[in-house]
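The values are calculated or read from the model by the stated rules, or taken from the named source; none is laboratory data. Nothing here was measured: the structure is a model prediction, and the numbers come from that model. Cβ placement follows ideal geometry from the backbone for every residue including glycine, while neighbour counts extend to all protein chains displayed. Note: areas computed on protein heavy atoms with side chains; ligands, DNA, RNA excluded. Shrake-Rupley method; radii C 1.70, N 1.55, O 1.52, S 1.80 Å.
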Amino acid sequence: MSHYDRESDIAALNLKGFDGSKLFGEDHDWGLILRDRETQEVVGVELWCASDRLPAELLLALPEPVW
């Protein structure tokens, strides 16, 4: 599930096809692109310093992560 961790300022946006057991991440200076290991499709994005990159309204709409 998509979420925003306010303490670490990281937003995780999970797309259709997201399955945590089949992912690999591509590092970028702004975060990660998450791809399905089998199909190579983008299934998620992790944005670091999310409060500098995304509108506050979006961050407020995202739930806290459940660990």
| Which value at 222 nm does the chain reach when only helices count, each DSSP H run of 4 or more adding -39,500 (n - 2.57), with the total divided by all residues and rounded to the nearest 500 deg cm²/dmol? | -3000 deg cm²/dmol
| request: On the full set of protein chains, 1.4 Å probe, figure out the accessible area of residue 3 and give it in Å² to the nearest 10. | output: 40
| said: In whole percent, and with a 1.4 Å probe on the protein chains, what portion of the accessible area of the chain is carbon and sulfur? | reply: 56
| Inter-site label distance for residue 37 and residue 8 at 7 Å from Cα along Cβ, in nm | 2.0
| remark: Full extension between residue 28 and residue 54 adds, at 0.36 nm per residue less the Cα distance, a length in nm of 7.7 nm
| query | If you find the alpha carbon centre of region 45-66 and of region 1-25, how far apart are they in angstrom? | reply | 11
| For the chain, with every protein chain kept in place, what is the accessible area per residue (1.4 Å probe, Å²)? | 68
| Of (1) 11.8, 34; (2) 11.7, 32; (3) 15.5, 50, which one was derived for Rg and Dmax of the Cα atoms in Å from the structure shown? | (1)
